[in-house]
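Working notes, beginning with the structure itself.
The values are calculated or read from the model by the stated rules, or taken from the named source; none is laboratory data. The model shown is predicted, which means the values in this text are computed figures rather than measured ones. Cβ coordinates were reconstructed from backbone atoms using ideal geometry, including for glycine residues, and neighbour counts include every protein chain displayed.
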Amino acid sequence: MATLDPITVTPDTMAATALDLMERNGKRTISVLPVVDPADPGRLLGLLRLHDLVQAGLGNP
């Protein structure tokens, strides 16, 4: 199931901010955030995974 208006981040989003977005989703924790071009939000640059943030020492496993 696709999300019509996903929560996204840009390359300059701080890791702690991305983690907060993942954890404050209400129903469940978001495990992946799309990373988009700030000049063209429709252009996907990559994905930021919760696993990556935990591996970097942010958040709880």
Exercise for the section: Return yes when LEU58 is aliphatic (A, V, I, L, M), modelled with pLDDT under 90 and surrounded by 13 or more Cβ atoms within 10 Å (Cβ to Cβ) and no when it is not. Expected result: yes
Exercise. Is it fair to say ILE7 is part of a loop (DSSP other than H, G, I, E, B) and surrounded by 14 or more Cβ atoms within 10 Å (Cβ to Cβ)?
Worked result: no
Picked from region 10-38 (must be in contact with a helix residue (DSSP H, G or I) (Cβ under 8 Å, 6 or more places away or on another chain) and β-branched (Val, Ile, Thr)), the residue surrounded by the most Cβ atoms within 10 Å (Cβ to Cβ) is ILE30
The correct count of residues that are out of contact with any strand residue (DSSP E or B) (no Cβ under 7 Å at 6 or more places or on another chain) and exposed (fewer than 13 other Cβ atoms within 10 Å of the Cβ) in region 39-53 is 5
